[in-house]
Amino acid sequence: PSVEVVPPPERPVVLCLGSHEPHKNHLSVLHAAEGLWRSGIDFELHFVGAPGWDVRAYDEAVESLLRAGFPLVDHGILPDEGLWPLVAGATVTVFPSLHEGFGLPVAESLSCGTPAITTDYGSTREIAEAGGCLLVDPRDDAQLEEALRNVLRDPGLLDRLRGEARAYRPKPWSDYADELWHVFVEQEAGR
């Protein structure tokens, strides 16, 4: 999408996109953020997404962190005109989902020129291979925290990831359709 350029925020912004469901792994994001905040790293954590099928633990963790005074914002669902400037203005997006069919938030982040931290397997890894991403095991909270720390503390790493993200060119849907046609029709016809 074409996105307006927004001025850099006062402090780094970590953005987590996706519905608040257990498999999106937002509790690990909250855990990593709390560790970084308690170690003195200053940044804002923003979430954008609808409530999912089981949000009790997420809601409790968010409420606890807000009571402690940490800079956390849950935007809920945003219209496009609010979403895209937030994605383009973020320092990094984080999407450590345990399983995904595609991983659209990673592709959206990269298409806005914003680096992403994402899952080191499946479809998100496939998207991340284009560059602009750090890969983590989403089941390893320490690894996620370390990746966030590195992006927030290492300007050289952040600049490299931003350059790679700006160079990202998403695969057109027609290419996906051609690949599916080849696998499900042409290969099956040859058997």
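The values are calculated or read from the model by the stated rules, or taken from the named source; none is laboratory data. The structure presented is a predicted model; accordingly, all values stated were derived computationally and were not measured. Glycine also receives a Cβ, built like all others from the backbone with ideal geometry; neighbour counts cover every protein chain displayed. To get the accessible areas, we keep the full protein, side chains included, count just its heavy atoms, and leave off ligands, DNA and RNA. Shrake-Rupley method; radii C 1.70, N 1.55, O 1.52, S 1.80 Å.
A few notes on this one:
- Residues of the stretch 22-45 that are buried (at least 18 other Cβ atoms within 10 Å of the Cβ) and either outside any helix (DSSP H, G or I) or of a type in the set (Ser, Thr, Tyr) (or both): Asn25, Ser28, Phe43, Glu44, Leu45.
- Odd one out for Ser19, checked against (1) in contact (Cβ under 8 Å) with a residue 40 or more places away in the chain; (2) surrounded by fewer than 18 Cβ atoms within 10 Å (Cβ to Cβ); (3) in contact with a Phe, Trp or Tyr (Cβ under 9 Å, 6 or more places away or on another chain): (1)
- Of the helices (runs of 4 or more DSSP H) lying entirely inside the stretch 123-186, the ones with 2 or more residues being under 17 Å from Gly101 (Cα atoms) are found at 173-181.
- Of all residue pairs spaced 6 or more apart or on separate chains, those with beta-carbon atoms under 9 Å, a first member in the stretch 90-113 that is within 10 Å of Gly132 (Cβ to Cβ) and assigned to a loop (DSSP other than H, G, I, E, B) and a second member that is open to solvent by 10 Å² or more (accessible area, probe 1.4 Å) and β-branched (Val, Ile, Thr) are Gly113/Val3.
Results for (1) loosely packed, with under 13 Cβ neighbours inside 10 Å; (2) among the hydrophobic types (A, V, I, L, M, F, W, C); (3) modelled with pLDDT of 95 or more; (4) over 25 Å from Ser28 (Cα atoms), shown as yes or no for each residue.
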{"residue": "Ala90", "(1), (2), (3), (4)": "no, yes, yes, no"}
{"residue": "Gly103", "(1), (2), (3), (4)": "no, no, no, no"}
{"residue": "Thr118", "(1), (2), (3), (4)": "no, no, yes, no"}
{"residue": "Leu135", "(1), (2), (3), (4)": "no, yes, yes, no"}
{"residue": "Lys171", "(1), (2), (3), (4)": "yes, no, no, yes"}
{"residue": "Val185", "(1), (2), (3), (4)": "yes, yes, no, yes"}
